[in-house]
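Notes follow the structure.
The values are calculated or read from the model by the stated rules, or taken from the named source; none is laboratory data. As the structure is a prediction and not an experimental result, all values here were calculated from the model. Quick reminder, even Gly has a Cβ in these numbers, built from the backbone with ideal geometry, and neighbours come from all protein chains shown. Areas reflect the complete protein model, heavy atoms only, side chains present, ligands, DNA and RNA absent. Shrake-Rupley method; radii C 1.70, N 1.55, O 1.52, S 1.80 Å.
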Amino acid sequence: QLRDQKHGNPIVDMEDRPEHLIGTVPKGYDVDEFHEEAWDWVMGEMLFAFTSKRDDWQEQFQSGEVDRVFIEREDGLVEWAHGPKHTFEIDWEGHKAYQERISNGFRLFGKYYEGLWD
């Protein structure tokens with residue numbers, strides 16, 4: 001609701017913006033040509049972070065089936081091993097990139113919290 005009914009746009013530091021929203025501040029002005037878009041982007045990243053933590057986002061990076069079996073070792077202990085139908089995999093690169101986006105959204109939330117006025 002705050003995103004859709006905002007009453008202003010705080011200044012977003014250039015180092016917090018994606019490359020396509022880095023602008024130039026004309027002499028005599030406080031804001032650049034991407035002022036509003038940058039704040040919309042920050043709010044979107046904050047919402048992305050909170051929504052992702054609420055939902056089970058990790059599942060999208062998992063595929064296949066887990067098949068585990070117990071194997072008895074020579075010393076009499078038992079350990080888990082992959083069974084013959086085990087195809088489970090995780091896209092660790094995608095997982096890491098997604099987690100970094102979530103972490104950045106929470107970082108932006110902390111930095112720009114006081115800009116969330118209504």
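Quick one: what are the phi-derived ³J(HN,Hα) couplings along segment 5-16, Karplus 6.51/-1.76/1.60 with θ = phi - 60°, whole Hz, x for glycine and proline?
10, 6, 10, x, 9, x, 6, 9, 4, 4, 5, 9
I'd like to know which of 87, 64, 105 lies farthest towards the positive end of the charge dipole of segment 51-109, counting +1 on Cβ of Lys and Arg and -1 on Cβ of Asp and Glu.
105
What are the ³J(HN,Hα) values, in whole Hz, obtained from phi via the Karplus relation 6.51 cos²θ - 1.76 cosθ + 1.60 with θ = phi - 60°, for each residue of segment 54-67 in sequence order, with x given for Gly and Pro?
6, 8, 8, 5, 5, 4, 5, 9, 10, 8, x, 10, 8, 10
Taking springs between alpha-carbon atoms closer than 10 angstrom, which of 26, 18, 84 fluctuates most in the Gaussian network model of the chain?
Looking only at 26, 18, 84, the largest GNM fluctuation is found for 84.
When the chain is modelled as a GNM with alpha-carbon springs shorter than 10 Å, which of 24, 51, 87 fluctuates the most?
Sorting by GNM fluctuation, first place goes to 87.
What ³J(HN,Hα) values, in whole Hz, does the Karplus curve 6.51 cos²θ - 1.76 cosθ + 1.60 give for segment 97-105 when θ = phi - 60°, with x put for Gly and Pro?
With the stated coefficients, segment 97-105 comes to 4, 5, 5, 5, 5, 4, 4, 5, x Hz.
Can you list the residues, at least 5 places off or on another chain, whose amide H is less than 5 Å from the amide H of residue 88, using H built in the peptide plane?
65, 67
Could you state how much accessible area residue 7 has, in square angstrom rounded to the nearest 10, with a 1.4 Å probe and all protein chains kept in place?
130 Å²
Just by accessible area at a 1.4 angstrom probe, what is the order of 112, 98, 29 from largest to smallest?
Order by accessible area, largest first: 29, 98, 112.
Give me the one-decimal nm value for the distance between modelled label points at residue 81 and residue 97, 7 Å along each residue's Cα-to-Cβ direction.
3.7 nm
Based on the Cβ-Cβ distance of residue 13 and residue 63, what FRET efficiency does E = 1/(1 + (r/R0)^6) give at R0 = 35 Å, to the nearest 0.05?
It comes out at approximately 0.35.
How large is the dipole of the chain about the Cα centre if only Lys and Arg carry +1 and Asp and Glu carry -1, each at its Cβ, rounded to the nearest 20 debye?
240 debye
Run the accessible area of segment 31-118 with a 1.4 Å probe and give the carbon-and-sulfur part as a rounded percent.
Looking at segment 31-118 in its full context, I get 52 percent from C and S.
Can you give the accessible area per residue of the chain, in Å², using a 1.4 Å probe?
74 Å²
Between 44, 64, 76, find the one with the highest GNM mean-square fluctuation for the chain; connect C-alpha pairs within less than 10 Å.
Greatest mean-square fluctuation among the candidates belongs to 76.
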